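This report concerns only the one structure given below.
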Protein chains: 2
Amino acid sequence: MAATTCFLSPPSPFILKRTTFSQPRSNFTIIKCSNLSSDPQPIYTSVKSFAPATVANLGPGFDFLGCAVDGIGDTVSISVDPNVHPGQISISHISGDNSNKLSKNPIYNCAGIAAIEVMKMLSIRSVGLSLQLHKGLPLGSGLGSSAASAAAAAVAVNEIFGRKLGFEELVLASLKSEEKVSGYHADNVAPAIMGGFVLIQSYEPLNLINLKFPVDKDLYFVLVTPEFEAPTKKMRAALPAEIGMPHHVWNCSQAGALVASVLQGDVECLGRALSSDKIVEPRRAPLIPGMEAVKRAALQAGAFGCTISGAGPTAVAVIDNEAKGNIIGQHMVEAFLKDGNLKASAKVRQLDRLGARLISSSKD
Amino acid sequence: MAATTCFLSPPSPFILKRTTFSQPRSNFTIIKCSNLSSDPQPIYTSVKSFAPATVANLGPGFDFLGCAVDGIGDTVSISVDPNVHPGQISISHISGDNSNKLSKNPIYNCAGIAAIEVMKMLSIRSVGLSLQLHKGLPLGSGLGSSAASAAAAAVAVNEIFGRKLGFEELVLASLKSEEKVSGYHADNVAPAIMGGFVLIQSYEPLNLINLKFPVDKDLYFVLVTPEFEAPTKKMRAALPAEIGMPHHVWNCSQAGALVASVLQGDVECLGRALSSDKIVEPRRAPLIPGMEAVKRAALQAGAFGCTISGAGPTAVAVIDNEAKGNIIGQHMVEAFLKDGNLKASAKVRQLDRLGARLISSSKD
């Protein structure tokens, strides 16, 4: 039987109310859940949701920028389960990539933690839920695997109870999961939930800026994942504690250029900015065998830019054409093998503009 | 008689051709002046140009972002002068604010240096020019006074010879002037020439990104200039040499948010980002008496954000309404007097979207 856990139901209807302001006038949306019906009834008996892979950091966007990529991600099915104690959640099944490495105890599982947080926010007390997770993403690949599980679960629970929470609450719920596995960073969970490019301006209060990439522009991500483990903790330990002013100004200007190129749909400029990080990538790339050669190969093959996806080991390059993307991917795979002695696989993907979403529901 | 100077005419038609690429594929416009007619003839006998004041840095946009503000700036008149040796330029008159502090020797005058550079680029050899400068901007106020003189002069020379150079060449010419007075930074000259908001992505090659603020949105700058000298060198010496990673990430994210808010026309978010610098402003503000109180007063009076304009001492606040801007300005002036014991004057200005331009011309 799957492990279960319960959480403390709040004594009164859950109220999520922001009171910390960064300055006197601030335009963030104040989240008030006090008008939610406490302990709402499910409107479906079961739902299935999907959350996409994400590319965080994007070079100079380190720790505050990420985007969602289409076609790959995690799937969560949730059903009302009379065999689960009301107010509790049970993980009944985990399938897919490296599923045996994941705990079925919800408090140690990304999907479980996020699902519990959403149940807390909604003050669910009268029904129990059963969760199935299908991992479409490899663990520790730098493609936001934990975020996709959390985002899919948060959305699934929200949907089964009638979609009472908005993006920000779902990001906050998923952040609880990220906090346990890799740190309190929303650069994967925010785009996994919201889709597209998302900039995290602040956490207290949570200010998220959705950067709309023009719909009439073509943008392809070449994602090349080697068979190599790049633990987030080790990659974080490689970061410099102090940064010289010239490099700070440089990376800031590239971050600005990256944001501008996203909003203006300038894929070449986006690539140039993505490729320009002088602070994080130079420390992390040497820890991933072949990464520097992979970047050179991508650029030589015509990519507009290339960097490490998240904390790695996946390399991400950008281009405006799928066929070119496939060729670039081949060159990157070859470079991983030749210079890093690592087998790797390449995918060419577009931006996922939707983020985590319901893919099916049932009232039976 | 005004001082004159000559410059070495290049032995062959001037060729400005970029050969340094930051990466294999780069989308900057390659500047080729090789198709210019060398030593073109003037199409006017005299021209008058105007270049606006500029606000550089904008908080987290330190050293790479600036914008132009309307209604205040410097004016340059240039005329073909048979009394000036062909290929040379003479400064015949300087008027306006603190004009007696400026050299009439073109190689020591911002307008002169930029004019000489443009004449070099155009290979002017057959006519001499006479230049008059009217300073509408106070010196050393943080409003891009030197940049406005350089930009107006560069544009005037370009116009009198038939506008053969583009924005980038004019920025490069004006940078020669900035280099001599305050350092090789384009965050004043680029917006002074191009108008609006300009992000300097790189210098080698020069990549400038014009950030278009939506025309249907209202944005007002409250500019409050105290009677205080804040030398650029002293303000630059106050900067930290090293920056901790958390502050680096914070300022980068705010720089990204600032760029996004400009392009999306979100004035409140723009103000919040403008106000958020944790690296430069905290070091410089204490060197300007009353600045911290002025910022507090601006925010309390309803400004969306406030910071130091350029290297100061001018304080700049942003708001979406002119009447509110006037009230905010009064509060800021009072705070400068009360907390800094400094007299100050306030102006409320909009974005200058045009940049340096011809305002009159004559063929007589």
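The values are calculated or read from the model by the stated rules, or taken from the named source; none is laboratory data. Quantities reported herein were computed from a predicted structural model and do not represent experimental measurements. Heads up, the Cβs are rebuilt from the backbone with ideal geometry, glycines too, and the neighbour counts pull from every protein chain shown.
Quick notes
- Scope region B:65-109; condition within 20 Å of the chain's Cα centre (by Cα) and part of a loop (DSSP other than H, G, I, E, B); matching residues: B:Asp97, B:Asn98, B:Leu102, B:Ser103, B:Asn109
- Members of region B:287-329 found to be within 14 Å of chain A (Cβ to nearest Cβ) and either in a strand (DSSP E or B) or charged (D, E, K, R) (or both), listed by number: B:Glu292, B:Lys295, B:Arg296, B:Gly305, B:Cys306, B:Thr307, B:Ala317, B:Val318, B:Ile319, B:Asp320, B:Lys324
- Counting the residues of region A:223-244 that are away from chain B (no Cβ under 14 Å) and not hydroxyl-bearing (Ser, Thr, Tyr) gives 10.
- Residues (of a type in the set (S, T, N, Q) and either modelled with pLDDT under 95 or loosely packed, with under 14 Cβ neighbours inside 10 Å (or both)) located in region B:64-87: B:Asn83
- Only one entry of B:Ala346, B:Ala273, B:Ala303 meets the criterion of being of a type in the set (Gly, Ala, Ser) and surrounded by fewer than 23 Cβ atoms within 10 Å (Cβ to Cβ), and that entry is B:Ala346.
- Close pairs from region A:269-292: first at positive phi, partner of a type in the set (D, E, K, R), Cβ under 7 Å, at least 6 apart: A:Gly290/A:Asp339
- Selection from region B:59-103 of residues that are away from chain A (no Cβ under 14 Å), small (Gly, Ala, Ser) and touching a Ser or Thr at 6+ places or on another chain (Cβ under 7 Å): B:Ala68, B:Ser77, B:Ser79, B:Gly87, B:Ser90, B:Ser92
- Subset of region A:267-286 (residues that are in a loop (DSSP other than H, G, I, E, B) and over 26 Å from A:Ala237 (Cβ atoms)): none
- Which listed residue is aliphatic (A, V, I, L, M), buried (at least 24 other Cβ atoms within 10 Å of the Cβ), at pLDDT below 95 and touching a Pro at 6+ places or on another chain (Cβ under 9 Å), from A:Ala315, A:Ala311: A:Ala311
- Among (1) more than 16 Å from the chain's Cα centre (by Cα); (2) closer than 29 Å to B:Ile200 by Cα, the one test that B:Phe62 misses: (1)
- Pair list, Cβ < 7 Å and 6+ apart or interchain, from region A:242-266 residues that are under 18 Å from A:Phe197 (Cα atoms) and outside any helix (DSSP H, G or I) to residues that are of a type outside the set (Gly, Ala, Ser) and modelled with pLDDT of 95 or more: A:Gly265/A:Phe213; A:Gly265/A:Pro214; A:Gly265/A:Lys217
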